[in-house]
Amino acid sequence: MNLLESAELRAKLAHRIRVIVRHLDPFRKVHAFSTQTSQDSIGRIYAINLDRKPERWKFVRRELGRFRSKENQPLTAITRRFSAIDARYLPESPRTDLLIPTFTLAEQLAIHPDPLLVIDDNARERTISMTKPEVAIALSHIKVWKLIARGDAEFVMVLEDDVMMRPGFTRRLNKEWPALQAEKAELVYLSFRDVSGVASNHRKSVHRQERPGLWEASAYVLSRGAARKLLGALPANGPIDLWMNFQFEKLRTFTTSIQLIEQRLAEPSTNSYSILPILSQVGSVTREKVPVVKDRRMPGPVLAIGAEGSGLTALAVALSTLGYCVASDLAVLPEKELADLRAGKRGTSFDAFVNVGSVDEALIARVMKSKSALLIITDGRDTPLAIPDHRILHMPSEIADKWDHLSKFLKIDYPSHPYPSDLDLGQRFSVQAPATSADYPHVDLKRDRSPWIMAPGRLQDGLVLGSTPSSRVEQVSWHRGDELAEHLWFKRQDTFPSNLAIFHPLNVSSGGAVNLTLRSEKSLVRDFTSGAIAAREPFLYGSFGASLRPARGSGIVTGLFLHRNGPRQEIDIEFLGKDTTKMLVNVFYNPGAEGTKLEHGYRGTPTEISLGFDAAEEFHHYEIEWRPEVIRWKVDGTVVYQRNLWNPTPIPNRPLEFNINIWASRSVEFAGRLDVEALPRTSSLNEIAIRD
């Protein structure tokens with residue numbers, strides 16, 4: 001894990017100082033390394049480096065070139081680049097004799113104890129699937145171990161390609177290597193973080209590690225015999241740095257007195273960690289890190305044309321994940337947008353136009369007069385105009401690695417998320433006037449900033465498309481007095497960082513109405529418990545409603561919403577107990593294929609609607625009607641608010657999970673301070689209806 005990514009400001013400043021002062025270190029000859037075959041020296045260095053990250057390999061060579069072996073040869077003389085396994089090209093499952101791509105929460109807690117969690121049956125049964133980057137990293141280390149096991153060097157240093165030597169690296173290793181030899185060390189961590197909870201942070205000498213508790217596998221020394229022992233213990237399970245902890249009983253494992261090598265902040269990890277969302281769900285994470293989109297101007301504007309079925313919709317989604325504001329799959333553009341584009345004005349609402357009928361040869365000729373404009377063609381047609389090669393990309397559907405072509409064309413890093421596989425939507429037609437809704441007073445609250453939230457004033461009503469037909473077939477329903485069918489609904493037993501409570505099934509009661517209760521009740525991870533239910537199957541579009549009476553009380557939130565992660569998309573109805581005469585509606589939108597983790601923003605695009613009555617007094621029917629072209633929010637069958645495409649976001653377009661819950665917000669600004677003395681509080685349901 002690149003633990004520096006979440007470091008506090010003080011740690012980041014200290015890191016940057018070390019980056020600078022390391023060059024001032026006068027000691028450069030490291031006696032632990034030898035260019036001659038030796039039984040007591042490190043005779044080989046393997047640097048694990050992705051083929052698509054040549055700049056990292058150059059840095060590693062420069063870094064190692066600063067130091068010399070005891071024969072006064074640069075360490076680059078014994079360094080070999082290992083071509084890392086790329087997560088992009090992994091098969092669905094690794095060989096089971098090498099790696100089992102799952103681990104348990106109990107194994108995580110055995111390495112990294114958490115005062116809020118215990119190793120119990122639930123932790124032992126909670127299976128976590130590794131991400132593809134974690135699998136690729138593990139397989140890369142295992143392959144390096146094979147090279148060490150059959151090599152002629154008695155000791156080998158293994159490096160990942162995002163590291164640097166800390167100031168004092170030479171002096172400290174020269175002092176401690178003889179002690180490690182005397183101790184017959186087989187595995188030595190040079191980059192590590194001790195999370196066992198028992199170790200001192202100020203050791204004066206090397207330390208024997210006999211129990212689990214070390215993170216990082218970015219820099220370590222491994223003996224040839226130890227490599228054979230690790231290979232004999234395969235298959236590994238879980239992230240490789242976690243699994244290595246469970247091999248300490250088989251190996252004489254040591255750490256240097258302090259960390260001698262560290263990961264560089266300038267090289268953020270492209271890994272995604274499978275454990276982080278699980279820790280949020282079980283309540284270990286109590287502070288929500290707010291992701292912020294980095295403002296960067298992408299090259300463009302980008303025009304993309306091609307025949308239907310040539311991957312245009314997938315290209316539009318791909319460009320969106322890169323930070324473009326994309327108008328796609330439209331028969332015509334809004335008149336003002338088209339006029340601004342024809343006039344060559346900068347600052348149009350969109351900076352990419354994919355499969356738009358208005359983009360004809362005349363418009364292409366006009367837009368391409370700008371030296372920054374780019375053209376992408378997804379079928380075999382000829383280039384329509386005399387355009388320089390560096391400003392046009394031919395990307396037919398048969399190209400296997402589309403990210404490779406697109407990222408080189410745009411001169412950006414190869415993305416870490418999968419290329420989309422969306423089927424082409426075709427060109428959709430707009431209508432002249434938006435559908436009307438009842439005149440309920442509403443106020444737009446503070447919104448996130450991202451490429452997928454239209455700036456105020458750009459498109460007043462968004463892009464208004466013709467409606468899709470709906471059969472209104474009821475798929476799932478529940479009525480007062482019925483039991484919640486277990487094959488359709490489940491009672492949640494998890495939480496999220498901004499929730500002061502953890503959901504527990506005992507807080508969901510039925511017999512008449514379904515009651516969801518928030519209580520003052522301590523658990524290991526929270527001081528409160530509450531109730532939540534969710535549909536077992538996700539849905540793609542439909543009508544989602546409930547006859548609901550929300551709880552009144554400061555700090556309390558009652559929610560009826562659709563949600564997913566990877567990419568995060570959400571459509572909300574929320575009642576803040578501090579003022580139940582209002583209803584909060586919200587949309588979160590992030591683009592991408594399944595597994596894309598952009599997760600930008602934490603406020604979404606909230607709007608507060610005045611209901612004209614107190615929702616906590618009696619039951620009313622609240623409904624989210626979610627279609628490909630529009631979202632409508634209804635109260636007792638009346639549309640009280642609606643959003644069209646790009647008003648101000650695209651419409652969520654991935655399967656979402658339907659939830660109803662009550663929870664206590666950590667944000668006093670959002671929901672008010674929780675009145676503990678007023679608990680318990682209950683939100684009640686009389687009916688749930690989900691229609692196709």
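The values are calculated or read from the model by the stated rules, or taken from the named source; none is laboratory data. In this text the structure is predicted, and so the values were computed from the model without any measurement. Methodologically, a virtual Cβ is constructed for each residue, glycine included, from the backbone with ideal geometry; neighbour enumeration extends over all protein chains shown. Surface accessibility is based on the protein's heavy atoms, side chains included, excluding ligands, DNA and RNA. Shrake-Rupley method; radii C 1.70, N 1.55, O 1.52, S 1.80 Å.
Annotations for the structure displayed:
- Counting only DSSP H runs of at least 4 residues, each contributing -39500 (n - 2.57), and dividing by the residue count of the chain, the helix-based mean residue ellipticity at 222 nm comes to -5500 deg cm²/dmol.
- Kirkwood Rh (inverse of mean 1/r, distinct Cα pairs), the stretch 438-535, angstrom: 18.0
- P(r) weight above 48 Å for the chain, C-alpha pairs, percent: 28
- Global form of the stretch 306-447, assessed from the alpha-carbon gyration tensor, a/c cut-off 1.5: prolate
- Contact order relative to length of the chain, as percent, for alpha carbon pairs under 8 angstrom and 6 or more apart: 12
- Proximal aspartates and glutamates to LYS250, defined as alpha-carbon separation beneath 12 angstrom and excluding residues fewer than eight positions away on the same chain: GLU186, GLU210
- 13 Å reach of a label modelled at GLU537, 7 Å along Cα-to-Cβ, counting backbone N of the stretch 660-692: 690-692
- Spin-label model, GLN427/GLN39: points 7 Å from Cα along the beta carbon direction are separated by 7.9 nm.
- Sparsely packed loop sites in the stretch 114-190 (the trypsin sites (Lys or Arg not before Pro) outside DSSP H, G, I, E and B with at most 13 other Cβ atoms within 10 Å) comprise ARG150, LYS184.
- Rolling a 1.4 Å probe over the protein chains gives TRP243 an accessible area of about 10 Å².
- Dipole of the chain computed with +1 at Lys/Arg Cβ and -1 at Asp/Glu Cβ about the Cα centre; of SER683, VAL19, ALA87, farthest Cα towards the positive end is VAL19.
- With a threshold of 23 Å on the Cα-Cα distance, the over-threshold entries among LYS29/LYS53; LYS522/LYS597; LYS146/LYS597; LYS143/LYS229 are LYS29/LYS53; LYS522/LYS597; LYS146/LYS597.
- Using a probe radius of 1.4 angstrom, the carbon and sulfur fraction of the accessible surface of the stretch 15-99 is 53%.
- Projecting label points 7 angstrom from Cα along Cα→Cβ for THR638 and ARG10 puts them 5.7 nm apart.
- PHE246 versus LYS411: modelled label distance in nm, points set 7 Å from Cα along the beta carbon direction: 4.8
- The stretch 605-686: equivalent-ellipsoid semi-axes (sqrt of 5 x gyration tensor eigenvalues, Cα, Å): 27, 17, 14
- When +1 charges are put on Lys and Arg Cβ atoms and -1 charges on Asp and Glu Cβ atoms, the dipole computed for the chain relative to its Cα centre reaches about 3600 debye.
- When the GluC sites (Glu not before Pro) in the stretch 597-647 are filtered for DSSP coil states and for at most 10 other beta-carbon atoms within 10 Å of their beta-carbon, the remaining sites are GLU618.
- With a Förster radius of 56 Å applied to the beta-carbon distance between ARG603 and LEU234, the computed FRET efficiency rounds to 0.75.
- Relative to the longest principal axis of the Cα atoms of the chain, the long axis of helix 54-65 lies at roughly 30 degrees.
- The angle separating the long axis of helix 9-21 from the principal Cα axis of greatest extent in the chain is about 40 degrees.
- From the largest down, the stretch 71-168 spans 55, 38, 25 angstrom on the principal axes of its Cα atoms.
- The slack between ILE17 and GLU183, meaning 0.36 nm per residue of separation minus the straight C-alpha distance, is 56.4 nm.
- Taking all protein chains into account, the per residue accessible area for the chain stands at 45 Å² (1.4 Å probe).
- Taking the charge dipole of the stretch 313-374 about its Cα centre, with +1 at Lys and Arg Cβ atoms and -1 at Asp and Glu Cβ atoms, the residue from ALA373, THR313, SER358 reaching farthest to the positive side is ALA373.
- The chain: angle of helix 132-149 to the longest principal axis, Cα-based, in degrees nearest 10: 10
- Among beta bridges that DSSP assigns inside the chain, antiparallel share in %, nearest 5: 75
- Our estimate of slack between GLN493 and ARG366, defined as 0.36 nm per intervening residue step minus the Cα-Cα distance, is 40.0 nm.
- Apportionment of accessible area to carbon and sulfur, the stretch 460-618, percent (1.4 Å): 47
- Length gained on full extension, ARG297 to VAL332: 10.0 nm, using 0.36 nm per residue less the C-alpha separation.
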